[in-house]
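Everything below concerns the one structure shown next.
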Amino acid sequence: KEESDRLTKLLPDCVKMDISGSGHFVLDNRVNLTEALLDSHIDPLDLQKKSPPYDPVTDWNLPPKEVIDEVIQKRVNPLRENTSPVFFSTDPVTGKRRRGLSLFPSVEGKPLLIVANHQLFGLDLGMIIAQLLEERGIVTRGLSHPVVSDGFSGMGSGSQRVQRRRYEINEDNPFGNDLFPMFGAVKVSPRNFYRLLQTNQTALLFPGGVKEALHGKDGAYKLFWPEKTDFVRVAAKFNATIVPLSAIGSADSAEILLDPSEMVELPFGIGDNLKNASASTTSARFDADNSDELFVPPLAVPKPIPARHYFLFGKAFDATSVDPKDKKTCQRVYENIRQEVQDGIDALLEARKLDPYALNGLRRNAYRRIFGKDPPTFPLESVKPSNNRIQ
């Protein structure tokens with residue numbers, strides 16, 4: 001690896017390809033050399049010159065089944081084993097809850113918009129995407145922060161150009177962002193969001209963004225949504241179905257020692273460096289300056305065994321009846337959806353008190369070892385039904 005780094009710096013117009021877990025014999029069955037050349041900037045057959053630029057919204061395809069299975073096995077299942085996640089869905093008429101995703105809406109030829117709270121560090125995203133895909137066959141496109149989409153290029157420096165193999169899983173960094181674009185995530189922007197719904201796809205949006213994902217000690221399970229109703233207006237324009245999603249567990253899986261606001265006040269230049277890095281980071285909101293968004297994580301220590309995770313898909317709302325030009329109606333729908341997400345969080349937190357395995361990771365792991373499956377959770381009737389009328 002050191003030699004490849006040295007040569008990349010010396011050779012002009014050089015691109016490096018790292019093969020994770022390889023020794024000196026790199027060209028084995030994991031590497032398709034023809035594919036690598038066709039994907040590279042060399043473009044020996046001038047295919048890239050003759051083809052229109054790649055469009056991440058309409059040109060993306062789901063990876064092959066064997067790749068999906070490998071990613072779930074290596075990235076998602078370890079999280080599942082540690083967090084024993086429980087998923088619920090909601091009857092859109094009665095508001096009653098049901099274990100699993102059988103009540104998640106089915107739509108044909110129409111877009112779906114899942115609107116969720118962002119958990120601490122956003123590490124639960126893979127479990128959400130995988131559950132929807134496995135249980136309901138729903139391919140969900142996440143809208144990710146520019147820093148994640150750009151590979152954290154805005155957070156550091158370096159002149160090396162790196163190329164990856166198609167569908168490569170970076171085993172050296174299990175928490176890396178290499179799988180986001182592979183599984184359909186696109187940079188959050190008004191244009192990308194608009195075109196996802198315009199092309200009848202399923203989008204996953206976290207309105208709270210960085211403020212929720214990098215919250216401090218007092219920010220657990222609180223919503224930090226903007227006041228603008230943009231996502232409701234776009235959903236109404238394309239007759240989308242909006243599904244609120246409430247999630248808990250991540251904030252109880254780590255001990256936050258310093259808030260982001262405390263991190264930027266650290267001495268010896270540490271705080272100043274964090275401020276400068278945050279100020280130079282592209283904001284996720286198109287109408288905000290980079291300096292308006294504090295992209296600094298809290299100082300957190302993970303607990304030995306994370307808390308159990310719970311996901312509640314709330315009462316779905318069909319935006320067909322909403323006029324996107326009616327600001328008052330869009331504002332009311334926006335507030336109702338936000339309330340549905342918050343009520344879902346509160347309902348899960350209350351019901352969790354009846355789950356003896358919720359915060360006791362040792363007991364949960366012991367159950368898994370003895371019985372080979374996740375332990376039971378709280379009674380279904382303990383999850384408060386949705387009483388919201390989203391209209």
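The values are calculated or read from the model by the stated rules, or taken from the named source; none is laboratory data. Bear in mind that the values here come from a model prediction, so they are computed numbers and not experimental data. Virtual Cβ from ideal backbone geometry, glycine too; neighbours counted across all protein chains shown. The area values use the complete protein model at the heavy-atom level, side chains included, leaving out ligands, DNA and RNA. Shrake-Rupley method; radii C 1.70, N 1.55, O 1.52, S 1.80 Å.
Structural remarks
- Ala279 fulfils the conditions (1) closer than 29 Å to Ser84 by Cα; (2) open to solvent by 40 Å² or more (accessible area, probe 1.4 Å) except for a single criterion, (1).
- Candidates Val93, Val57, Val26 - the one that is exposed (fewer than 15 other Cβ atoms within 10 Å of the Cβ), among the β-branched types (Val, Ile, Thr), at pLDDT 75 or above and assigned to a loop (DSSP other than H, G, I, E, B): Val93
- Among the residues listed as Leu204, Leu214, Leu245, the single one being touching a residue at least 12 places away in the same chain (Cβ under 8 Å), within 19 Å of the chain's Cα centre (by Cα) and closer than 17 Å to Pro298 by Cβ: Leu214
- Number of the exception - Leu103 against (1) open to solvent by 20 Å² or more (accessible area, probe 1.4 Å); (2) at pLDDT below 95: (2)
- Scanning segment 342-355 for residues that are more than 17 Å from Arg99 (Cα to Cα) and either at pLDDT below 95 or open to solvent by less than 60 Å² (accessible area, probe 1.4 Å) (or both) yields a count of 2.
- Applying a threshold of 9 Å to beta carbon distances and a minimum spacing of six or more residues, or different chains, the list of pairs starting in segment 126-146 at a residue that is touching a residue at least 60 places away in the same chain (Cβ under 8 Å) and ending at one that is among the hydroxyl-bearing types (Ser, Thr, Tyr) and in a helix (DSSP H, G or I) reads Met127/Thr83.
- For segment 327-381, a residue qualifies if it is among the hydroxyl-bearing types (Ser, Thr, Tyr) and within 22 Å of Ala251 (Cα to Cα), and the qualifying residues are Tyr357, Thr377.
- Taking the criterion of being of a type in the set (S, T, N, Q) and in a helix (DSSP H, G or I), the residues of segment 80-90 that qualify are Asn82, Thr83.
- Within segment 106-115, being modelled with pLDDT under 95 and either polar (S, T, N, Q) or buried (at least 21 other Cβ atoms within 10 Å of the Cβ) (or both) holds for one residue alone: Ser106.
- Residue list for segment 214-246, filter: of a type in the set (A, V, I, L, M), under 20 Å from Arg141 (Cβ atoms) and either at pLDDT below 95 or open to solvent by 10 Å² or more (accessible area, probe 1.4 Å) (or both): Val234
- Checked against the criterion of being exposed (fewer than 14 other Cβ atoms within 10 Å of the Cβ), within 30 Å of Glu381 (Cβ to Cβ) and modelled with pLDDT of 95 or more, segment 120-130 contains not a single residue that satisfies it.
- For segment 60-79, a residue qualifies if it is in contact (Cβ under 8 Å) with a residue 60 or more places away in the chain and either outside any loop (DSSP other than H, G, I, E, B) or open to solvent by less than 30 Å² (accessible area, probe 1.4 Å) (or both), and the qualifying residues are Pro63, Val67, Ile68, Glu70, Val71, Ile72, Lys74, Arg75, Pro78.
- Pairs, first assigned to a helix (DSSP H, G or I) in segment 358-378, second surrounded by fewer than 16 Cβ atoms within 10 Å (Cβ to Cβ) and of a type outside the set (Gly, Ala, Ser), C-beta under 6 Å, six or more apart: none
- Scanning segment 104-124 for residues that are in a loop (DSSP other than H, G, I, E, B) and farther than 18 Å from Gly137 by Cβ yields Asn117, His118, Gln119, Leu123, Asp124.
- Against the test of being at pLDDT below 95, open to solvent by 30 Å² or more (accessible area, probe 1.4 Å), hydroxyl-bearing (Ser, Thr, Tyr) and farther than 28 Å from Pro306 by Cβ, the options Ser40, Ser51 yield a single qualifying residue, Ser51.
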